[in-house]
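**Q** Let me give you the structure first, and then I'll get to my questions.
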Amino acid sequence: MRDFHFPGRSPVLAANGMCATSHPLAARTAIDVLERGGNAMDAAIAGAVLLGICEPQMTGIGGDCFVLWSEGSGDVKAMNGSGRAPAALDAAELRAAGETTVPPLGAHAVTVPGAIDAFCHLADNVGKLGLDTLLAPAIRYAEDGVPVAARVAFDWAKDAPSLQGAARAAFLDAGNVPAAGHLFRAPGQAEVLRRVAKEGRDGFYSGEVAEDMVESLRKMGGRHTLEDFAATACSPAEPISRGYKDLDLVEHPPNGQGATAILMLNILAQFDTASLDPLSAQRAHLEAEAAKLAYDARNRFIADADHTTRTDYMLDMDTARRLAALIDPKRAMGAPAALTEAVHKDTIYITVVDRDGMAVSLIYSIYHGFGSGIASDNFGILFQNRGAGFTLEEGHPNELKGGKRPMHTIIPGMLRKAGRLIMPFGVMGGAYQPTGHARFASNIADFGMDPQTAIDAPRAFSDAGDMKVERGYPEAVRQELADMGHAVSVPETPLGGAQAILIRDDGILEGASDPRKDGCALGY
């Protein structure tokens, strides 16, 4: 193992339970649930719902989720908590109106929120404490208020222009962006959660709450109906996985983009990455080229699971070999054609491991910053704009059609070694996520980094022709990348945000949390 040190944090060690996520209040809540006898799923749900109050620009009950979990073994289960387009909506309608993409800040981009149905199902079937107990912390903080954290305040200011109508009243302070330390309250969401705690999913997908959502969306031109909301249901799924060195990367299947991360690692496996300096221009170049090719495949093939037919092709090593052969080790290729420009970075991630070895990897998002910018009139439920992940291209597997799920950027991950689950992890960051998963796994497998070091290490990402290189890289590396033909920039905001928990051979839990976010790892 080589010794690498980057400015960052120390690992967090504990014996009985651990949570790593992007806000301290959510991490503390998850640990409280574990100490009360809840399992990792209970803790993950309680923390995730609270994150919608702590980081409302990132996620909330108007969004979607994907979950991986393992009950103390190497077997991993998956749950798809993503919603569908309203039945009456069709790409042909938008094409006829002259649109070439789904407008991200309008009702047509709003798919029916799927997260609440998934949380209710998982609480009832996997959790132990019951939904009323799990939602109580979020209800309390939504009523009493949460001080806006520093990174949240930065993102809030950047994303606030998307807010419109009722959303401005719900998420601005008398028209002003809340500053760090401002006490943000969401009494309408507290009432919704109170109803869900009492009535289960029906408290959200029927009755007064559903009527508020449907009426608000239809007023904005949406095609949503009460029947669309009533029909919402999460779906169990079969995880996908492939090996990289001595690790096995486990991902959620389509409509998530997890296959993209596996394809990236398969491409990188054709090169001797481990012989390179982890912060060298050569490694960043190979990773960027692999990402371009893997993302191009994603844009062609990934869609609703019922319409994705090329997953096995994306996971096939022969596909990776053919794509790797297109990489010039000394020259950047042009960026592949993008499926959509609507790839942004607003998501939360939480991972929890309990004393019995149950591990949960959960990702929860409203897509763009403040999603569609639309909130329901009465309860202030902010709607995601996942429908912007559809294409309007006729005949494409990911073409917008009523009742379909769009291609999703959010992906939870897990790592196995010799058949044993060793680490739930996730990397927030929209389009960056597959690159983030591949880099995290490579940092561990190729360079022997511990999880915290693997997270702290500077990142680079070729995004639609822009080679973003974080400030932690030497200037000489940026110049070398530019000489290879990359259009190099220093990103305004950090690339992604990761969380991980290593389950060590001796049973000790080792938590890692990204300093790029406000959060932390906590254990007991």
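**Q** Provide the gained length on full extension for the span Ala418 to Asp312, in nm with one decimal, where the gain is 0.36 nm per separating residue minus the Cα-Cα distance. Working shown, then result.
**A** On the way: separation 106, 0.36 × 106 = 38.16 nm, distance 2.27 nm.
Residue separation times 0.36 nm, minus the Cα-Cα distance, leaves 35.9 nm.
**Q** With only alpha-carbon atoms in the gyration tensor, what are the semi-axes of the equivalent ellipsoid for the range 233-302, in Å, largest first?
**A** Numbers: eigenvalues 134, 43, 14 Å².
Working through the eigenvalues yields semi-axes of 26, 15, 8 Å.
**Q** Here's a follow-up. Can you tell me the Rg and the Dmax, both Å, for the Cα atoms in the range 409-501?
**A** Just the Cα atoms of the range 409-501 yield Rg and Dmax of 14.1, 43 Å.
**Q** As I understand it, the dipole of the range 153-239 uses +1 on the Cβ of Lys and Arg and -1 on the Cβ of Asp and Glu, about the Cα centre. Which of Tyr205, Ala160, Ala190 lies farthest toward its positive end?
**A** Checked the options; the winner is Ala160.
**Q** Reported to two decimal places, what Rg/Rh ratio describes the range 20-108 when computed on Cα atoms with Rh from the Kirkwood expression? The partial results should precede the final answer.
**A** Numbers: Rg = 18.2 Å, Rh = 16.0 Å.
Rounded to two decimals, Rg over Rh is 1.14.
**Q** Using the C-alpha atoms of the range 76-216, what convex hull volume per residue, in cubic angstrom, is computed? Before the final figure, lay out the partial values.
**A** Numbers: hull volume 23.8 nm³, N = 141.
In the range 76-216, the Cα hull volume divided by residue count equals 169 Å³.
**Q** Name the aspartates and glutamates eligible as straight-distance cross-link partners of Lys417: C-alpha to C-alpha under 13 Å, and not fewer than 8 places from it in the same chain.
**A** Those aspartates and glutamates meeting the cut-off are Asp75, Asp246, Asp248, Asp505.
**Q** Okay, next question. Please report the relative contact order for the chain, taking Cα pairs under 8 Å with a sequence separation of at least 6, and give it as a percent rounded to a whole number. Before the final figure, lay out each step's value.
**A** Working: 1299 pairs, mean separation 145.6, N = 524.
Once normalised by length, the contact order is 28 percent.
**Q** Still on this structure, I have one more. Which entries of Lys219/Lys292; Lys404/Lys517; Lys330/Lys517; Lys158/Lys468 show an alpha-carbon separation above 30 angstrom in the structure shown? Before the final figure, lay out each step's value.
**A** Working: Lys219/Lys292 40 Å; Lys404/Lys517 33 Å; Lys330/Lys517 34 Å; Lys158/Lys468 19 Å.
Where the Cα-Cα span goes over 30 Å, the pairs concerned are Lys219/Lys292; Lys404/Lys517; Lys330/Lys517.
**Q** Are there trypsin sites (Lys or Arg not before Pro) in the range 466-524 that DSSP puts in a loop and that have at most 14 other Cβ atoms within 10 Å, and which ones? Intermediate values should be presented prior to the final figure.
**A** On the way: sites: Lys468, Arg471, Arg478, Arg504, Arg516, Lys517; in loops: Arg471, Arg504, Arg516, Lys517.
Here the trypsin sites (Lys or Arg not before Pro) that fit, given the DSSP loop and packing criteria, are Arg471, Arg504.
**Q** Follow-up question, since we're still on this one. How much accessible area per residue does the chain have, counting only protein heavy atoms and a probe of 1.4 Å, in square angstrom? Before the final figure, lay out each step's value.
**A** Details: 17900 Å² over 524 residues.
Heavy-atom accessible area per residue stands at 34 Å².
**Q** Turning to a different aspect of this structure: Please compute the alpha carbon radius of gyration of the range 222-266, then divide it by the globular-protein estimate 2.2 N^0.38 Å. Two decimals is fine.
**A** Numbers: Rg = 16.2 Å, N = 45, 2.2 N^0.38 = 9.3 Å.
That works out to 1.73 for the range 222-266.
**Q** How big is the C-alpha Rg of the range 1-149 next to the rule-of-thumb value 2.2 N^0.38 Å, as a ratio?
**A** Normalised by 2.2 N^0.38 Å, the Cα Rg of the range 1-149 equals 1.29.
**Q** For the chain, what does -39500 (n - 2.57) per DSSP helix run (n ≥ 4), summed and divided by total residues, give at 222 nm, in deg cm²/dmol to the nearest 500?
**A** Values: 18 runs with 183 residues, N = 524.
Estimated from H runs of four or more residues: -10500 deg cm²/dmol.
**Q** Could you give the distance between the Cα centres of the range 273-334 and the range 44-116, to the whole Å?
**A** A separation of 26 Å, based on Cα centres.
**Q** Rg and Dmax of the range 99-160, Cα atoms, in Å?
**A** 17.0, 47
**Q** Mind checking the range 377-436 for GluC sites (Glu not before Pro) that DSSP puts in a loop (not H, G, I, E or B) and that have at most 13 other Cβ atoms within 10 Å?
**A** On the way: sites: Glu393, Glu394, Glu399; in loops: Glu393, Glu394.
When the GluC sites (Glu not before Pro) of the range 377-436 are filtered for loop state and at most 13 Cβ neighbours within 10 Å, Glu394 remain.
**Q** Given a 1.4 angstrom probe, I'd like the percentage of the accessible area of the chain that is carbon and sulfur, rounded to a whole number. If you can, show how the numbers build up before the last one.
**A** Details: 8860 of 17900 Å².
Within the chain, the accessible surface is 49 percent carbon and sulfur.
**Q** Semi-axes of the chain's equivalent ellipsoid from the Cα gyration tensor, sqrt of 5 times each eigenvalue, largest first, rounded to whole Å? Write out the running numbers ahead of the final one.
**A** Values: eigenvalues 216, 147, 93 Å².
For the chain, the semi-axes come out at 33, 27, 22 Å.
**Q** From the protein chains alone at 1.4 Å, what is the descending order of accessible area for Glu475, Glu289, Glu208, largest first? Before the final figure, lay out the partial values.
**A** Working: Glu475 120, Glu289 0, Glu208 100 Å².
So the residues, ranked largest to smallest area, are Glu475, Glu208, Glu289.
**Q** How big is the accessible area of His182 in square angstrom, nearest 10, if you roll a 1.4 angstrom probe over the protein chains?
**A** Probe radius 1.4 Å; accessible area of His182 about 60 Å².
**Q** Inverting the mean 1/r over all pairs of different Cα atoms, compute the Kirkwood radius of the range 155-230 and quote it in Å. Walk me through the numbers before you get to the answer.
**A** Working: mean 1/r = 0.0705 Å⁻¹.
With all distinct Cα pairs of the range 155-230 included, I get 14.2 Å.
The values are calculated or read from the model by the stated rules, or taken from the named source; none is laboratory data. Note that the structure is predicted; figures quoted are calculated from it, not measured. Positions of Cβ are generated from backbone atoms using ideal geometry, with glycine treated the same way; all protein chains shown enter the neighbour counts. Side chains included, ligands, DNA and RNA excluded: accessible areas come from the protein's heavy atoms. Shrake-Rupley method; radii C 1.70, N 1.55, O 1.52, S 1.80 Å.
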